[in-house]
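Quick notes on the structure that follows.
The values are calculated or read from the model by the stated rules, or taken from the named source; none is laboratory data. In this text the structure is predicted, and so the values were computed from the model without any measurement. Don't worry about glycine lacking a Cβ; one is built from the backbone with ideal geometry, like all the others, and counts go over all protein chains shown. Just so you know, the surface numbers come from the protein's heavy atoms only, side chains and all, with ligands and any DNA or RNA stripped out. Shrake-Rupley method; radii C 1.70, N 1.55, O 1.52, S 1.80 Å.
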Amino acid sequence: MIWQSDLLSQDIVEYITSHYKDKNFQCGSISNPDSSVKQNLIMKWTDPYNRLNEGVWSEIKKKDHFTTLYSIRQMSQLYFLWYKPGHFYNWHMDSHPCGGVNADMSMTIFLNDDYEGGELVIKVGNVETSHKPKAGTVVIYNTGALHKINPVTKGDRKVIVGWLESDIQDSFMRSHLIDYSHLMHSMPSDSPYLVELEQMRLNLIRQYETR
């Protein structure tokens, strides 16, 4: 399953990208030395990384609906990535654990959209879906799905990636609960059905959550 939502405001996106300077980045081979598989840049684990990592998670946690939608138990450290022209990441699956958590869902937060190529391509079954949404958007998908980043042909691709550990370990129920929560979130706040629907959602979580 694949989900997409607005996440970060334009002001926050601009603040993050203001730190996309060559001195703050290093070769992405530190996480995969095979240059035939991946070529990109990753932010160094020094200032401003710590401030940005904590700041982005702080902003996300302010959005109560985000943790509710995805039944998040724990969130990983973040990776700030920079793809310049010619950079890419061929087909791969994220490792387990990943980013310090037992990842159930992978996420990409897009920081810009003024580049060519560089699409996030996710394979679900025998179908490939291509994603390059507007800045501030997050794309979330099940960890374990094959995915790749097409070569950037013009401009720079700036993204944040991270991983989410869910309270719901059963992937079938997790996907349906997320869809259910998205549906509830799209309903008017004064809907008379929300209280009963929330009760049903919580009862399902109680039944399927990992203890």
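Odds and ends about this structure:
- Remark on segment 43-129: hydrodynamic radius 15.4 angstrom, per the Kirkwood mean of 1/r across alpha carbon pairs.
- Using alpha-carbon coordinates, inclination of helix 49-61 to the longest axis of the chain, degrees: 20
- Debye log10 I(q)/I(0) for the chain, one point scatterer per Cα, at q = 0.12, 0.16, 0.17 Å⁻¹: -0.64, -1.12, -1.25
- Viscosity 1.567 mPa s, temperature 4 °C, Stokes-Einstein D of segment 116-196 from Kirkwood C-alpha radius, µm²/s: 84
- In this structure, the pairs whose alpha-carbon distance is over 26 Å, taken from K38/K61; K21/K154; K63/K84; K63/K134; K44/K84; K21/K62, are K38/K61; K63/K84; K21/K62.
- Between the Cα long axis of helix 171-186 and the first principal axis of the chain there is an angle of about 80°, rounded to the nearest 10.
- Per-atom-type breakdown for the chain gives carbon and sulfur 51% of the accessible area (1.4 Å probe, protein chains only).
- Rounded to the nearest 20, the Cβ-based charge dipole of segment 1-122 about its Cα centre (Lys and Arg +1, Asp and Glu -1) stands at 400 debye.
- Solvent-accessible surface of the chain, averaged per residue with a 1.4 angstrom probe and all protein chains in place: 51 square angstrom.
- The label-point distance for M187 and S35, in a model that sets each label 7 Å from Cα toward Cβ, rounds to 5.6 nm.
- Placed amide H near D113: partners under 5 Å, 5+ positions off or other chain: A135
- The slack between Q77 and D113, meaning 0.36 nm per residue of separation minus the straight C-alpha distance, is 10.6 nm.
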